[in-house]
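J.: Let me begin by handing over the structure; questions about it come next.
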Protein chains: 2
Amino acid sequence: MKFKEQFNTIKIKKKSMLCVGLDPELEKLPGCVQSDGDAIFKFCREIIQSTAQFTAAYKINFAFFERFGAKGWQIIERLVEEIPQDCLSIADAKRGDIGNSARHYAHAIFGELNFDSVTVNPYMGKDSTAPFLDWQEKATFFLGLTSNPGATDFQYFTQDDQPLYSFVAENIESWNKINNNCGLVVGATRPEQLREIRKIAPKLTFLIPGVGAQGGSVETVVQNIGDSNALISASRSIIYASPENDFADAAALEAEKLQRQMAPFIE
Amino acid sequence: MKFKEQFNTIKIKKKSMLCVGLDPELEKLPGCVQSDGDAIFKFCREIIQSTAQFTAAYKINFAFFERFGAKGWQIIERLVEEIPQDCLSIADAKRGDIGNSARHYAHAIFGELNFDSVTVNPYMGKDSTAPFLDWQEKATFFLGLTSNPGATDFQYFTQDDQPLYSFVAENIESWNKINNNCGLVVGATRPEQLREIRKIAPKLTFLIPGVGAQGGSVETVVQNIGDSNALISASRSIIYASPENDFADAAALEAEKLQRQMAPFIE
């Protein structure tokens, strides 16, 4: 089944658009797991198990695993298998290279690691992204307007009154017509732009980081998009909800809180 | 020693600006190595050993290794150790993410894998790249104007008569002032733009892919830049110079041919 259909089924079943971001840092883990040689894996697995009923997708941020080199990749390989059938997986890898390289990156993420979706940087243009879109059942989320302060450096570069992020969104909306498997990353920290981008890109599934620790709110986000075709992602506010033994229960409570904020907007 | 000083020393010693791109594909390797369980590693090691005397840097394209998952990362870990002291290493990983993630990517490439330099995507702006620049001895090559056809999709987006690639180059030139450790990726397939970008970014070391299989020529490239502060990269034309047992010797001949084309331009 295509990613968008799967997401729709899960969203309605769980009344959730929640994406839990797995960005584990060893030094921030609760003391009870920190000394375990397999701490990162076990911590993430517990978070997944405790939050799955409230969660539509898990987003694995590759940076936090690659810092351990090949060992980090082994953790990713094991972790993606821990994601339950009724949750989607997102490889937050932000890849982007010319066609031949892109083909291998797509194989790595979708073939070798069997993720349901990936984040990709659009800077190198359509031919650098086509190999991802060829995986028709999988989804590719392009960076549109990101949640960080530096987003304004290049994404607001403006041609004929249209900023680059808007031009990117317009292009992705058009590339989406081929296989209906494109999404767009738009930061929750920029609610007015969410509304503007949704008008330009009505069919794209949004991936919206920046809720929770980065300051965005679920209600503002959904009201600005005007629909529920979006995965709203929180990381630190969930995975570090408690620094104690009860971290998994605390994460579940936090995930449930966000899921409840989303439920009224899901038809 | 800083990357730029190392490069200068190597360049003068070897009369070479050559960067050999390691983009190995199992099915394209010579029959004599293809069936070996460790074929990718052994093939690349032989290429390195046979070409090192003509080569200033090796660029490891992560896509071609990540396609094998964690095993591919293990090959990268072993391969980077095979690069001789008098050659620089470039992690062609094209990473790019917000500050906290960027910090981990930088640690992965510079700390864990001990590469001398990395390629980074500028789309997310300055705060997403600062953690790379903090590694003062290492170099960070930003994507400016790439060699692929899709480069025109977004990199030519124009504000007040200035295309995005030029605005990016201008910004990187300014970020370079802090630690003098920035470079710029500019495709050899766009010689006129090479000249234009060098005027905007006089201090940046260029990393120039697209010579050889992609059609760019060394002479045109260097004449357009007007100096030798550049690594000129060839991949397929060197590593696949022969499909037979003599692949390493053929690669050396091809590397030497390019090095001889470069020598007259190195003061």
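J.: Tally up the residues in region A:68-105 that are in contact (Cβ under 8 Å) with a residue 12 or more places away in the chain, of a type in the set (F, W, Y) and either more than 17 Å from A:F142 (Cβ to Cβ) or touching a Ser or Thr at 6+ places or on another chain (Cβ under 6 Å) (or both), please.
T.: 1
J.: Among the residues of region A:226-235, is any over 18 Å from A:D92 (Cβ atoms) and in a helix (DSSP H, G or I)?
T.: Taking every residue of region A:226-235 in turn, none turns out to be over 18 Å from A:D92 (Cβ atoms) and in a helix (DSSP H, G or I).
J.: Would you point out the residue of region B:1-52, among those that are β-branched (V, I, T) and in contact with a helix residue (DSSP H, G or I) (Cβ under 7 Å, 6 or more places away or on another chain), that is farthest from B:N179 (Cα to Cα)? So that I can check it myself, show each step before the final result.
T.: Here is the first cut: in region B:1-52, the ones β-branched (V, I, T) are B:9-10, B:12, B:20, B:33, B:40, B:47-48, B:51.
Remaining after also requiring in contact with a helix residue (DSSP H, G or I) (Cβ under 7 Å, 6 or more places away or on another chain): B:20, B:33, B:40, B:47, B:51.
Working: B:V20: 26, B:V33: 43, B:I40: 36, B:I47: 33, B:T51: 31 Å.
Going through the qualifying residues, I end up with B:V33.
J.: Checking the structure you have, find out if any residue of region A:162-174 is in a strand (DSSP E or B), at pLDDT 95 or above, within 14 Å of chain B (Cβ to nearest Cβ) and over 21 Å from A:V120 (Cα atoms).
T.: Start the filter on region A:162-174 by keeping residues that are in a strand (DSSP E or B), which leaves A:162-163.
Subsequent filtering for residues that are at pLDDT 95 or above retains A:162-163.
Among the residues that remain, those that are also within 14 Å of chain B (Cβ to nearest Cβ) are: A:162-163.
Narrowing the set further to residues that are over 21 Å from A:V120 (Cα atoms) leaves A:162.
Within region A:162-174, one or more residues are in a strand (DSSP E or B), at pLDDT 95 or above, within 14 Å of chain B (Cβ to nearest Cβ) and over 21 Å from A:V120 (Cα atoms).
J.: While we're on this one: Scanning region A:134-150 for residues that are more than 13 Å from the chain's Cα centre (by Cα) and surrounded by fewer than 22 Cβ atoms within 10 Å (Cβ to Cβ), which turns out nearest to A:I10 (Cα to Cα)?
T.: Among them, the one singled out is A:E137.
J.: Let me ask you something else. Taking the options A:F43, A:F54, name whichever one is among the aromatic types (F, W, Y) and either in contact with an Asp or Glu (Cβ under 7 Å, 6 or more places away or on another chain) or without any contact (Cβ under 8 Å) to a residue 40 or more places away in the chain (or both). Quick ask: steps written out before the conclusion?
T.: On the way: A:F43 fails: either in contact with an Asp or Glu (Cβ under 7 Å, 6 or more places away or on another chain) or without any contact (Cβ under 8 Å) to a residue 40 or more places away in the chain (or both).
Result of the check over A:F43, A:F54: A:F54.
J.: Within region B:175-209, which residues are within 14 Å of chain A (Cβ to nearest Cβ) and either more than 11 Å from B:F141 (Cβ to Cβ) or hydroxyl-bearing (S, T, Y) (or both)?
T.: Across region B:175-209, the qualifying residues are B:W175, B:G187, B:A188, B:T189, B:R190.
J.: Collect the residues in region A:5-38 that are surrounded by fewer than 17 Cβ atoms within 10 Å (Cβ to Cβ), touching a residue at least 40 places away in the same chain (Cβ under 8 Å) and farther than 19 Å from A:Q53 by Cα, keeping them in residue-number order.
T.: Across region A:5-38, the qualifying residues are A:K28, A:G31, A:C32.
J.: Any residue in region A:254-267 that is over 20 Å from A:Y240 (Cα atoms) sitting within a Cβ distance under 9 Å of a residue that is among the aliphatic types (A, V, I, L, M) and surrounded by fewer than 16 Cβ atoms within 10 Å (Cβ to Cβ)? List the pairs, counting only those 6 or more apart or interchain.
T.: These pairs meet every condition: A:I266/A:I12; A:E267/A:I12.
J.: I would also like to ask the following. Taking into account only those residues within region B:81-113 that are polar (S, T, N, Q) and within 22 Å of B:Q259 (Cα to Cα), which is surrounded by the fewest Cβ atoms within 10 Å (Cβ to Cβ)?
T.: Narrowing region B:81-113 to residues polar (S, T, N, Q): B:85, B:89, B:100-101.
Now restrict to residues that are within 22 Å of B:Q259 (Cα to Cα): B:85, B:89.
Values: B:Q85: 8, B:S89: 22.
Taking the candidates together, the pick is B:Q85.
Rundown of residues vs (1) hydrophobic (A, V, I, L, M, F, W, C); (2) in contact (Cβ under 8 Å) with a residue 12 or more places away in the chain; (3) within 22 Å of B:I48 (Cβ to Cβ), yes/no style:
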site	(1), (2), (3)
B:G210	no, yes, yes
B:Q214	no, yes, yes
B:V221	yes, yes, no
B:N224	no, yes, no
B:D227	no, yes, no
B:A230	yes, yes, yes
B:S242	no, yes, yes
B:F247	yes, yes, yes
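J.: Restricting attention to region A:247-263, which residues are among the acidic types (D, E) and crowded, with 20+ Cβ neighbours inside 10 Å? Before the answer, list the steps.
T.: Of region A:247-263, the ones among the acidic types (D, E) are A:249, A:254, A:256.
Across region A:247-263, the qualifying residue is only A:E254.
J.: Quick check: anything in region B:124-133 under 30 Å from B:S50 (Cβ atoms), surrounded by 22 or more Cβ atoms within 10 Å (Cβ to Cβ) and of a type outside the set (S, T, Y)?
T.: Restricting attention to region B:124-133, the residues satisfying the condition of being under 30 Å from B:S50 (Cβ atoms) are none.
Among the residues of region B:124-133, not one is under 30 Å from B:S50 (Cβ atoms), surrounded by 22 or more Cβ atoms within 10 Å (Cβ to Cβ) and of a type outside the set (S, T, Y), which makes the answer no.
J.: Looking at region A:109-121, which of the residues that are assigned to a loop (DSSP other than H, G, I, E, B) and within 9 Å of another protein chain (Cβ to nearest Cβ) is farthest from the chain's Cα centre (by Cα)?
T.: Among those residues, the one meeting the criterion is A:L113.
J.: Continuing with this model, one more query. Going residue by residue through region A:234-246, is there one that turns out to be of a type outside the set (S, T, N, Q), under 18 Å from A:F7 (Cα atoms) and either modelled with pLDDT of 95 or more or crowded, with 18+ Cβ neighbours inside 10 Å (or both)?
T.: Within region A:234-246, the subset of a type outside the set (S, T, N, Q) is A:234, A:236, A:238-241, A:243-244, A:246.
Checking the rest, the ones that are also under 18 Å from A:F7 (Cα atoms) come to A:234.
Narrowing the set further to residues that are either modelled with pLDDT of 95 or more or crowded, with 18+ Cβ neighbours inside 10 Å (or both) leaves A:234.
Checked against the condition, which is being of a type outside the set (S, T, N, Q), under 18 Å from A:F7 (Cα atoms) and either modelled with pLDDT of 95 or more or crowded, with 18+ Cβ neighbours inside 10 Å (or both), region A:234-246 yields at least one hit.
J.: Where in region A:14-108 are the helices (runs of 4 or more DSSP H), entirely inside, with at least 3 residues that are within 14 Å of another protein chain (Cβ to nearest Cβ) and either under 28 Å from A:L133 (Cα atoms) or under 17 Å from the mean Cα position of the chain (by Cα) (or both)? Spell out how you get there, then give the answer.
T.: On the way: elements: A:31-34, A:39-51, A:63-66, A:70-80, A:99-106.
Counting at least 3 such residues, we get A:63-66, A:70-80, A:99-106.
J.: Of the residues that sit in region B:122-161 and are assigned to a loop (DSSP other than H, G, I, E, B), at the interface with chain A (Cβ under 9 Å from one of its Cβ atoms) and in contact with a strand residue (DSSP E or B) (Cβ under 8 Å, 6 or more places away or on another chain), which one is nearest to B:K4 (Cα to Cα)?
T.: Ranking the candidates gives B:T129 first.
The values are calculated or read from the model by the stated rules, or taken from the named source; none is laboratory data. Predicted model, so just to flag it, every value in this text is computed and none were measured. Every residue, glycine among them, receives a Cβ derived from its backbone with ideal geometry; neighbour counts consider all protein chains shown.
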